[in-house]
1. Between residue 119 and residue 39, what is the spin-label point distance in nm, taking each point 7 Å from the Cα along the Cα→C-beta axis?
2. I need 88, 170, 128 ordered by Cβ neighbour count within 10 Å, fewest first.
3. If R₀ is 41 angstrom, what is the calculated FRET efficiency for the pair residue 193 and residue 97, using the beta carbon separation as r and rounding to 0.05?
4. At 7 Å along the Cα-to-beta-carbon direction for both residue 202 and residue 63, put a label point, then send me their distance in nm to one decimal.
5. Within the range 186-206, whose backbone N sits under 19 Å from a point 7 Å along Cα→Cβ of residue 218?
6. Hey, can you grab everything whose amide H is under 5 Å from the amide H of residue 82? Only 5+ residues off in sequence or another chain; H modelled, so Pro and N-termini drop out.
7. Which order do the peptides 201-207, 70-76, 121-127 take when ranked by the mean count of other beta-carbon atoms within 10 Å per residue, highest first?
8. Can you give the extra length, in nm with one decimal, that the chain gains between residue 105 and residue 49 once fully stretched, where that is 0.36 nm per residue apart less the Cα-Cα distance?
Amino acid sequence: MKNVYIIEAIPSTMFSKIGSKKRTKSKMLILVFIFFIFINSCSSVVTAANSPPKLTHGTVTPRRGYPNIDYLFTVTYEDADNDAPAGVRVVIDQVDYLMEEVDPTDVNYSDGKEYSFKKALREGTYSVYYTADDGNGGVVTTSSFTLSVTWDVGHYDIIHFIEEKVFPGVLLLLAIIFILLLILCLISIFMMLQMRKIAKGLEAKEVEKKEHEEGVEELEGEKKEIETS
């Protein structure tokens with residue numbers, strides 16, 4: 001007896017369902033891939049849109065000077081996107097210091113805003129540069145320059161030191177002396193007026209006393225005339 005195998009036919013709808021599921025999965029993968037590409041491109045566009053800040057007019061006053069006096073560091077921060085800085089710093093021998101706004105009411109950063117920092121320095125030679133961060137990934141750093149702090153300074157620096165430190169002190173001393181002299185003059189004028197007033201009072205009393213004495217003498221003279229008559 002021969003074995004008879006019966007093979008049932010697989011419905012064609014099953015193949016169509018399997019194919020449809022594969023196509024749906026492929027479409028989902030393609031959509032996810034496109035989505036990630038879109039997100040990356042958007043982030044790239046946002047990153048590229050941010051303009052880095054600029055630092056200009058970085059200076060220190062005086063450029064060469066004596067130890068233990070105040071040195072004023074200034075720089076101008078500028079950002080085309082009008083981004084406020086996360087920090088504007090001056091770096092002095094690898095130590096950074098946060099600078100302050102010169103004009104806190106100025107909120108327009110696109111046309112430049114000045115920052116400053118004041119510090120007394122000991123004798124030595126310092127490497128100085130400025131750096132800033134706009135808070136959106138934009139960082140800028142200036143080139144460094146040398147600051148010399150020494151007792152051995154030139155003629156110009158001596159004049160600058162006199163103008164900055166000695167001259168204001170002399171002016172203050174002269175102003176104090178002038179005020180004291182003015183006060184002394186006012187006191188002297190007041191004393192003179194008071195003394196003149198007292199002198200006039202004494203003179204009036206002397207005149208009154210003299211008139212009284214003359215009146216008494218006249219009365220005595222009249223009394224004698226009456227007695228003799």
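Every number here is computed from the coordinates shown, using simple stated rules; none is lab data. Because the structure is a prediction, the values reported are computed rather than measured. Virtual Cβ from ideal backbone geometry, glycine too; neighbours counted across all protein chains shown.
1. Placing both labels 7 Å along Cα→Cβ, they lie 4.4 nm apart.
2. By the 10 Å Cβ count, ascending: 170, 128, 88.
3. 0.10
4. Result for the modelled spin labels: 7.1 nm.
5. Only 205-206 pass the distance filter.
6. When sequence neighbours closer than 5 places are left aside, the close amide H contacts are 110.
7. With the highest mean Cβ count within 10 Å placed first, the list reads 70-76, 121-127, 201-207.
8. Gain in length upon complete extension: 17.4 nm.
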